[in-house]
Amino acid sequence: MADVNKTESMEQAAFTGVESVCDIGELMSAYLDGELRDGELEQVVAHLTDCLECIAEFHELKEARTAVRMLPMLQVPDRVMPAAHYGPELSAFLDGELTADEQVMIVAHLQTCTDCLLELQDLDAARTAVRSMPGVEPPIPLMPRIPVRSQRTSLKRLAIAAAGFIGAAAIAINMASSGPEATPVDLDEFADRHTVRVSVEDGLTGVPIFMHGSTP
Amino acid sequence: MAEDRVPTWEDVARRYGRKIYSFAYRLTGNPDDASDLVQEVLLRVRKGLANYTPGSFEGWLWRITRNAFLDDVRKKKRRPTTVLPDDDRAVVGASPSPDEVLASVRLSDDVQAALLKVPMEFRECVVLCDVVGLSYEEISNTIDAPVGTVRSRIHRGRKQLRGLLTWPM
């Protein structure tokens, strides 16, 4: 009998706004909206675990909330806001730089506002004109010098550096051996002594070669 | 909208016009009353912007909107009408099928009709919460009532609304 009375009072509450027999009542709407205060969340969750009536009421509240939230946002009649046009937003709209909400607002506005539609067309034409301009090559002196580093170039540089190092070493050795009063170097004789062909067939042997103009 | 910037009147009209209109329409169910309210609010905003101090702009705007609405109700000395929507078809979004459109319109009409039967003080809080999207704290500031009162009114409004909606959900 007590359950019957409780059920009746619950049904009546649904139509009259009278609080249900359970004391968490309005906490359930706040729970739905994420508006509970400290400590209330545990109270609601604990209660909803056990109370079937409140679970049913919770679902009904959720349905009512969903019904209102599903109502469409309405379009304001043109005569109400004749001066409200979109300016800078139209370019951002063309470029896809608006939020989803802003896009919806502009699409709706463009369906009824000829002024903004014409402005959008002008902006689109200007945007297309700029984007269709041919690319222009910059003057050559303005181009940065970008080094080309191929393997071949690197090897060549290494060979030059090695030759330079060997030459410098040879001069240094020559100066050291000749002492402070160096004697002039006979280039032909120097070439005869230092220009050799290396053969590895029968061990490392030095074979004199002959410079241009010299005699064997 | 940034809190530290004073918006122009055109900003307000563009960004909030639809919300203000929807707020008024859901409360009154009357497109003419809703249009009048939007114009009145925009006039008050235009006058008020000169003295507006950057802060919670939305709180300021919705207080103006609510006051304008109450003034309008008092001036006309009539309760909000129960005219069913005839321009509630202005659904903006993806292109639904004809069946979906019809179902959506019927659904909207039913919910709107049920909303209008909920007492105004509860309806106001439900609409501010679920149509406008304000928090309980913002609603509290808008209607100048404690948060506990807001919480209670939203809950009671939803309970009554669900009792009035007869179709299965």
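What follows is calculated from the coordinates using simple rules that are stated; it is not laboratory data. Keep in mind it's a predicted model, so treat the numbers as computed, not measured. All Cβ positions, even for glycine, are placed from backbone atoms using ideal geometry, and neighbour counts span all protein chains on display.
Output the pairs from A:Lys62/B:Lys76; B:Lys75/B:Lys159; B:Lys47/B:Lys76 with a Cα-Cα distance over 28 Å in this structure; if there are none, say none.
As for pairs spanning more than 28 Å Cα to Cα, those are A:Lys62/B:Lys76; B:Lys75/B:Lys159.
Would you mind getting me the FRET efficiency between B:Thr8 and A:Ile160? Use the beta-carbon distance for r and R0 = 41 Å, nearest 0.05.
Working: r = 70 Å, r/R0 = 1.71.
After rounding to 0.05, the efficiency reads 0.05.
Separation between the A:Asp38 and A:Gln121 pseudo-spin-labels, each 7 Å from Cα along Cα→Cβ, expressed in nm?
A separation of 6.3 nm, rounded to one decimal place.
What does the highest-first list of B:153-161, A:52-60 look like by mean Cβ count within 10 Å?
B:153-161, A:52-60
Per residue, how big is the convex hull around the C-alpha atoms of the stretch A:78-128? Give it to me in cubic angstrom, could you? Could the numbers behind the result be given before it?
Details: hull volume 3.5 nm³, N = 51.
Hull volume normalised by residue count: 69 Å³.
Taking beta carbons within 10 Å but only from partner chains, what does the mean come to for residues B:24-31?
Across B:24-31, the average partner-chain Cβ count within 10 Å equals 1.
How far is it, in nm, from the label point at A:Ile55 to the one at A:Gln111 when both lie 7 Å from their Cα along the line to the Cβ?
4.3
Against the empirical 2.2 N^0.38 Å scaling, what ratio does the C-alpha Rg of the stretch A:20-139 come to?
1.89
Using each residue's phi in the stretch B:64-71, evaluate 6.51 cos²θ - 1.76 cosθ + 1.60 at θ = phi - 60° and report the 3J(HN,Hα) Karplus result to the nearest Hz, with x for Gly and Pro.
4, 4, 5, 5, 5, 5, 5, 4
Provide the packing ranking of B:137-148, A:112-123, B:121-132, i.e. peptides ordered by the mean count of other C-beta atoms within 10 Å per residue, highest first.
B:121-132, B:137-148, A:112-123
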